[in-house]
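K.L.:
Sharing a structure below in structure tokens format, with a few things to ask.
The values are calculated or read from the model by the stated rules, or taken from the named source; none is laboratory data. The structure displayed is predicted, hence computed values, not measured ones. Quick reminder, even Gly has a Cβ in these numbers, built from the backbone with ideal geometry, and neighbours come from all protein chains shown.
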Amino acid sequence: MISNWSNLVARRDLLRELTLAELRAQSQETRFGWLWWLVDPLIMMLIYWGVVVGIFGRGERYTPYPVFILCAMLPWKHFTSSINASAKILRGRDSLIKAIAFPTMALPLTIVFAGFSNFLFGMVVLLGTAVVFERPLELLPMLQLLPLLVLQLLLVTGLALMVACFGALVRDLSGFLTHLTRMGFYLCPTLYGVDMVAERFLSGALGEQAWAQWIPTLYMANPFAILFTGYREALFYGQLMEGQWWALLTLEALVLLFAGYRLYQYFDRRVIKFL
């Protein structure tokens, strides 16, 4: 069965059941079960808070640092867990794909939706942390969360579809992705803000170079830099993100979703040959 939107909508019950099965499998693998989805982001936040603030004495400009870092860690974890699992999903379900005719695009989508459910549990921790540290949770900035959630889902879905195709072609892709995403964690503004990037390239002798003026703008072309900024504006600063970043993030999310969808459609007709 060809993987397209109409077939996925027609088989939405299958997509829902596969997502629920993935969530149940994740909860059964841990002693805490469903509670782990709340505990995990809390532990991650405490670790980086202790390392960055407690050991290295950094992060003063981003006080309270737990809220600041959770705004980036949660969407980044959704992204990394989704693409790492998507890289193995088609090979891991090869017997099912060969035995039953169904839109195989449902498999990477299941990974993305299950990860997004975990992310929403993490958002509960983030909101609770923001309340504890008395961040300015004003209505208008908070309304940004809904479009941010939608754009994040579209962005991760497009990337997961691409990775699922390449994962079927390259058996060891997941191993490479582990290192690439670890490097991306530090290159993206997760532990620091985009303001530090601008200061680094625009101050001192380096800032006098004409090419250096473009570095902060090019850095913000990274959709995750914009996504992290959006969550921080809504939950840390209590402000609205600038319109040009909304436009760029929307464009990038739609382009990646379309590219991932078209690539998967092309690959789907040939998937059996590579499994």
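K.L.:
Report every pair of residues separated by at least 6 positions or lying on different chains whose Cβ atoms are under 6 Å apart, first residue within segment 168-180 and free of Cβ contacts under 8 Å to residues at least 40 places away in the same chain and hydrophobic (A, V, I, L, M, F, W, C), second exposed (fewer than 14 other Cβ atoms within 10 Å of the Cβ) and part of a helix (DSSP H, G or I).
P.N.:
none
K.L.:
Mind checking which helices (runs of 4 or more DSSP H) fall wholly inside segment 177-241 and carry at least 2 residues that are at pLDDT below 95? Talk me through it step by step, then tell me what you get.
P.N.:
Values: elements: 194-202, 215-219, 223-232.
The qualifying helices (runs of 4 or more DSSP H) are 194-202, 215-219.
K.L.:
Related question: Out of (1) touching a helix residue (DSSP H, G or I) at 6+ places or on another chain (Cβ under 6 Å); (2) surrounded by 15 or more Cβ atoms within 10 Å (Cβ to Cβ); (3) of a type outside the set (V, I, T), what's the single condition that is false for F133?
P.N.:
Among (1) touching a helix residue (DSSP H, G or I) at 6+ places or on another chain (Cβ under 6 Å); (2) surrounded by 15 or more Cβ atoms within 10 Å (Cβ to Cβ); (3) of a type outside the set (V, I, T), the lone unmet condition for F133 is (2).
K.L.:
Would you say Y62 is over 21 Å from the mean Cα position of the chain (by Cα), aromatic (F, W, Y), at pLDDT 85 or above and at negative phi?
P.N.:
Judged against the criteria, Y62 is a match.
K.L.:
Given the criteria farther than 17 Å from E17 by Cβ, among the charged types (D, E, K, R) and in contact with a helix residue (DSSP H, G or I) (Cβ under 6 Å, 6 or more places away or on another chain), does K98 qualify? Steps first, please.
P.N.:
Numbers: farther than 17 Å from E17 by Cβ: yes; among the charged types (D, E, K, R): yes; in contact with a helix residue (DSSP H, G or I) (Cβ under 6 Å, 6 or more places away or on another chain): no.
It is false that K98 is farther than 17 Å from E17 by Cβ, among the charged types (D, E, K, R) and in contact with a helix residue (DSSP H, G or I) (Cβ under 6 Å, 6 or more places away or on another chain).
K.L.:
Oh, and also: So which helices (runs of 4 or more DSSP H) are wholly in segment 1-106 and hold at least 3 residues that are touching a Ser or Thr at 6+ places or on another chain (Cβ under 7 Å) and over 30 Å from G238 (Cα atoms)?
P.N.:
Fully inside segment 1-106 and qualifying: 12-28, 65-92.
K.L.:
Say whether the condition of being surrounded by 12 or more Cβ atoms within 10 Å (Cβ to Cβ), at pLDDT below 80, hydrophobic (A, V, I, L, M, F, W, C) and more than 21 Å from N118 (Cβ to Cβ) is met by at least one residue in segment 10-28. Talk me through it step by step, then tell me what you get.
P.N.:
Start the filter on segment 10-28 by keeping residues that are surrounded by 12 or more Cβ atoms within 10 Å (Cβ to Cβ), which leaves 10-11, 14-24, 26-27.
Right, trim to at pLDDT below 80 and you get 10-11, 26-27.
Next cut, hydrophobic (A, V, I, L, M, F, W, C) only: 10.
Now narrow it down to the ones that are more than 21 Å from N118 (Cβ to Cβ): 10.
Yes - at least one qualifying residue is present in segment 10-28.
K.L.:
Could you list all residues from segment 110-169 that are modelled with pLDDT under 95 and not in a helix (DSSP H, G or I)?
P.N.:
Selection gives F133, E134, R135, P136, L137, E138.
K.L.:
Given T178, T190, T104, T157, which one is of a type outside the set (A, V, I, L, M) and touching a Lys or Arg at 6+ places or on another chain (Cβ under 9 Å)? Outline the logic, then answer.
P.N.:
Details: T178 fails: touching a Lys or Arg at 6+ places or on another chain (Cβ under 9 Å); T190 fails: touching a Lys or Arg at 6+ places or on another chain (Cβ under 9 Å); T157 fails: touching a Lys or Arg at 6+ places or on another chain (Cβ under 9 Å).
The conditions single out T104.
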